[in-house]
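Below is one structure, written out as structure tokens, with a few remarks after it.
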Amino acid sequence: MKNKKVIIGIIIAVVLIIAIIVGIIIMNMPKEKPEAVLNGYFSAVNEKKYEDMYNYLSSSSKESITQEDFITRNENIYEGIDSSNIKINVKEVTNEDKKKKVSYSEEMVTSAGTISFDNTAYLVKEDKTYKIEWSSSLIFPALQRDYKVRVETLSGKRGSILDRNGNPLAYDGTISQVGIVPGKLGDNKEENIRKISELTGVSVETINNYLSASYVKDDTFVPIRKVAKDDTELKEQLLQIPGILINDAQGRVYTLGEEAGHLIGYVQAINAEELEKYADKGYSSTSLIGKSGLEAAYEDRLRGTDGVRIYIVDGEGNEVKTLAKQEQKDGEDIKLTIDSDIQTKLYNQLKNDKGLFVVMKPGTGELLALVSTPTFDSNDFTLGMTNDEWNALNNDKAKPLYNRFIQSYCPGSTFKAITGAIGLTTGSITTDEDFGYTGTSWQKDSSWGDYRVTTLTGYSGPKNLLNALIHSDNIYFAQAALKIGTSKFTESLDKIGFNQQIDFPLSLAKSQYANADGIDSEGKLADSGFGQGNILVNPIHMASIYSSFYNNGNMIKPYIEYEENKEPEFLIENAFSEEAANTIKEDLIQVVENPAGTANDMKVNGVTIAGKTGTAELKTDKEDNESGTLGWFDCFTTNQGDNDILVISMVENIQNNSDGGSHYLIKMIKTLFE
């Protein structure tokens with residue numbers, strides 16, 4: 001019995017000893033497994049909690065790098081490469097020299113794409129937990145203590161805009177960067193800065209701010225102003241001043257400058273609002289973006305996509321390893337239907353006026369020129385404008401920033417051809433019908449009160465469609481509109497695209513025949529018949545309407561992007577009947593050919609031209625002497641085959657012009673045939 005008790009006691013003692021040993025072992029075991037510690041570390045990396053990351057380091061690691069240096073190195077690398085979504089997958093945990101060796105794979109998203117690699121971490125036990133023995137190789141295996149991670153931007157080139165013959169209208173080329181080397185300004189520093197200010201337009205205060213930047217040393221090149229490469233006169237004057245240095249730089253170049261300012265537009269640095277709006281399109285704070293014209297309309301196709309390369313260099317700056325590379329993508333070149341010669345010639349004719357030209361091939365819809373004056377030089381925006389230059393441009397009463405060919409205007413008598421075509425197509429009038437009135441003033445009856453329709457000159461012969469077009473007779477077309485009636489008149493205008501948005505790269509104002517109240521009186525309907533009232537027409541839309549007189553009643557679709565062997569596309573088929581369209585065409589030819597025609601001065605030997613003059617009064621009432629008058633001339637050739645052209649033209653404020661607006665424009669258009 002005694003022996004049995006002894007045995008039981010021994011067993012209990014052994015169990016207690018084992019329990020104590022196990023307890024001691026358990027008490028000294030790390031709270032987390034090594035793989036859990038490593039996962040916690042990389043969770044902190046993902047969250048950019050650099051202080052928390054440092055807390056995972058072993059004592060020996062902390063002795064080799066301070067917390068400040070650790071945070072700086074990790075922050076610079078991880079944020080410099082825009083790392084995110086870092087994931088690790090532990091493959092194996094083994095013992096090695098009293099350490100835990102953790103083999104794992106890692107993947108992260110960066111600005112250059114996804115980087116993935118295999119790596120190894122060593123953990124040691126300290127105070128009942130595992131700590132990481134850190135070195136730079138934990139970031140990337142090839143990264144050593146004195147190595148650095150570099151990020152290189154691979155710039156994607158912006159596409160060029162070309163004319164129909166392949167001539168560049170906008171391209172990435174060479175400009176000149178004017179700068180100052182402070183140490184070479186000489187003894188007359190203040191005087192030299194003043195001279196530089198006068199020549200460049202950059203204020204003395206701004207120049208001094210540039211020169212006082214913290215990075216500037218005596219031998220630093222301090223950029224002041226960009227100028228055109230071919231502005232040799234300005235550059236020669238600047239180079240006479242001590243301290244000036246001029247270097248080549250890359251920039252957007254616009255070969256036609258003012259001649260195509262509104263059409264081509266310009267690019268500038270992206271602003272904060274745009275950066276937020278296009279956050280998913282890969283723009284950066286240094287990106288250029290199209291701000292107006294075709295540069296803006298074709299932005300998605302023109303813009304190049306920058307590439308990025310992330311690589312490691314050693315302490316000497318020698319490349320060790322490329323970690324990731326995302327190739328850059330150049331933008332698309334866009335070829336236009338525009339003819340630079342026509343664009344330039346017409347701009348130079350109209351540049352001192354407020355006006356526009358639209359030139360189109362009536363058989364194809366190819367736009368050969370789109371001119372708006374006054375205008376701006378697209379190069380000025382990319383080279384950079386001073387505040388004074390911008391304010392002068394923005395506050396100019398002539399409105400050089402206002403693009404006239406995308407607006408809509410009162411068309412005046414050029415609209416009479418449309419009223420005539422509607423009348424014939426609807427059967428409301430006939431070609432031989434004589435309206436029978438006399439004189440230059442008319443009203444339907446006494447219900448019109450004081451209002452009368454007036455026309456400039458009387459003429460002998462029947463008051464029919466042909467003579468009414470030849471002599472531009474307001475009374476005839478007022479009567480024609482009344483015979484057509486409001487319903488047929490407005491339905492016909494809706495049919496040919498009024499109150500509709502035309503598909504075009506630039507946003508065009510809609511043509512309209514009425515304001516909110518509609519054509520709600522006989523007087524308004526009569527006025528509308530000869531292009532007054534509330535009639536407004538966009539010039540590019542007008543080009544399409546006039547093309548129907550060339551195309552047997554079908555309105556061609558205007559387009560501006562060149563396509564080889566493109567089949568003609570109609571904007572509206574059967575806008576007018578074939579018979580009506582051809583009648584109007586022949587009558588418009590007589591407006592030019594007939595000695596009594598209002599456009600007889602447009603006659604060119606060997607060229608058959610159909611045309612219509614127009615004058616639009618912008619008066620709001622009889623007492624209005626400020627709104628001015630628009631002069632119009634719309635025409636197209638009919639016997640030049642593939643070389644036929646159609647021109648819509650307008651000039652503002654011609655009330656004091658001795659030539660009158662239409663004839664002033666005719667002189668300009670005739671230069672196309674010289």
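Taken together, the values in this text are just the output of simple stated rules run on the coordinates, not laboratory data. All values derive from a computational prediction rather than experimental measurement. Methodologically, a virtual Cβ is constructed for each residue, glycine included, from the backbone with ideal geometry; neighbour enumeration extends over all protein chains shown.
Taking square-rooted eigenvalues a ≥ b ≥ c of the alpha carbon gyration tensor, is region 502-548 rounded, prolate or oblate, where a/c under 1.5 means rounded and, failing that, a/b exceeding b/c means prolate?
oblate
Which of rounded, prolate, oblate describes region 360-424, given a ≥ b ≥ c as roots of the alpha-carbon gyration tensor eigenvalues and a/c under 1.5 marking rounded, otherwise prolate only if a/b is larger than b/c?
oblate
Remind me, relative contact order of region 521-567 in percent, using alpha carbon pairs under 8 angstrom and six or more residues apart?
21 percent
If you consider only alpha-carbon coordinates, what radius of gyration and Dmax does region 237-376 have, in Å?
My reading of the Cα-based Rg and Dmax gives 21.2, 68 Å.
Using each residue's phi in region 169-186, evaluate 6.51 cos²θ - 1.76 cosθ + 1.60 at θ = phi - 60° and report the 3J(HN,Hα) Karplus result to the nearest Hz, with x for Gly and Pro.
Values, residue by residue: 9, 8, 7, 7, x, 9, 10, 10, 9, 8, x, 10, 9, x, x, 10, 5, x Hz.
DSSP H helices in the chain with Cα extent of 27 Å or more along the helix axis and mean Kyte-Doolittle hydropathy at least 0.5?
What comes out of the filter, once short or polar helices are dropped, is 2-28.
Which trypsin sites (Lys or Arg not before Pro) from region 393-432 combine a DSSP loop assignment with at most 10 other Cβ atoms within 10 Å?
For trypsin sites (Lys or Arg not before Pro) across region 393-432 that sit outside H, G, I, E and B with at most 10 neighbouring Cβ atoms in 10 Å, the list reads Lys397.
Over the Cα atoms, compute the radius of gyration (one decimal) and Dmax (the largest Cα-Cα distance, rounded to a whole number) for region 34-145, in Å.
Just the Cα atoms of region 34-145 yield Rg and Dmax of 13.3, 41 Å.
Please report the net charge: other residues with Cβ closer than 15 Å to the Cβ of Gly641, K and R +1, D and E -1.
Local charge sum for Gly641: -2.
Over the chain, what is the relative contact order in whole percent, taking alpha-carbon pairs under 8 Å and six or more residues apart?
Across the chain, relative contact order equals 11 percent.
What is the projected area of the convex hull of the Cα atoms of region 198-300, averaged over all directions, in nm²?
9.0 nm²
State the three equivalent ellipsoid semi-axes of the chain, derived from the C-alpha gyration tensor as the square roots of 5 times its eigenvalues, in descending order and whole Å.
Value: 77, 34, 21 Å, ordered largest first.
Residues with beta-carbon under 12 Å from that of Thr419, excluding Thr419: net charge, scoring Lys, Arg +1 and Asp, Glu -1?
The answer is +2.
Using only helices, what value at 222 nm comes out for the chain when you add -39,500 (n - 2.57) per DSSP H run of length 4 or more and divide by the total residues, to the nearest 500 deg cm²/dmol?
-9500 deg cm²/dmol
Would you please classify the overall shape of region 443-560 from the alpha carbon gyration tensor, given that a ≥ b ≥ c denote the square roots of the eigenvalues, rounded means a/c under 1.5, and beyond that prolate means a/b larger than b/c while oblate covers the rest?
oblate
Quick one, can you get me the convex hull of the C-alpha atoms of region 518-674 expressed as volume per residue in Å³?
Convex hull volume per residue, Cα atoms: 155 Å³.
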